[in-house]
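Worksheet: the structure to be examined is printed underneath.
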Amino acid sequence: MSDETGDRLTALEIRYAEQERTIAELSDQLAGQWKTIDRMQKKLDALTERFLALEESAAPEIPVTKPPHW
């Protein structure tokens, strides 16, 4: 191999290693973000259930009666 070919090969190997490391870091960040999103979704679902339960218990019962003019 000539020096130029060897230098190009070394540069490509370095670039490949850097890209592989970057992809692994991005993959880890993405996995962490999905965990955060799942946790937040579960909290939102729980809060929605609590809100609906509170809304149901706080709403006054309106009796069904005939209007006075009937």
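Looking at Leu54, Leu9, which is the one that is assigned to a helix (DSSP H, G or I) and open to solvent by 100 Å² or more (accessible area, probe 1.4 Å)? Talk me through it step by step, then tell me what you get.
Working: Leu9 fails: open to solvent by 100 Å² or more (accessible area, probe 1.4 Å).
Within the list Leu54, Leu9, the selection yields Leu54.
Within the range 33-50, residues that are of a type in the set (Lys, Arg) have Cβ atoms under 8 Å from residues that are surrounded by 10 or more Cβ atoms within 10 Å (Cβ to Cβ) and assigned to a helix (DSSP H, G or I) in no pair, counting only partners at least 6 apart in sequence or on another chain.
For the range 57-67, give me each residue that is open to solvent by less than 100 Å² (accessible area, probe 1.4 Å) and either among the aliphatic types (A, V, I, L, M) or part of a helix (DSSP H, G or I) (or both). Before the answer, list the steps.
Pass one, the range 57-67, residues open to solvent by less than 100 Å² (accessible area, probe 1.4 Å): 57-59, 63, 67.
Answer for the range 57-67, where residues must be open to solvent by less than 100 Å² (accessible area, probe 1.4 Å) and either among the aliphatic types (A, V, I, L, M) or part of a helix (DSSP H, G or I) (or both): Ser57, Ala58, Ala59.
Each residue in the range 36-57 was checked for being of a type in the set (Ser, Thr, Tyr) and within 16 Å of the chain's Cα centre (by Cα), and 1 pass.
The values are calculated or read from the model by the stated rules, or taken from the named source; none is laboratory data. For clarity, every value in this text was computed on a predicted model and none was experimentally measured. Cβ: placed from backbone, ideal geometry, glycine included. Neighbour counts: every protein chain shown. Surface areas here come from the heavy atoms of the whole protein model, side chains and all, with no ligands, DNA or RNA. Shrake-Rupley method; radii C 1.70, N 1.55, O 1.52, S 1.80 Å.
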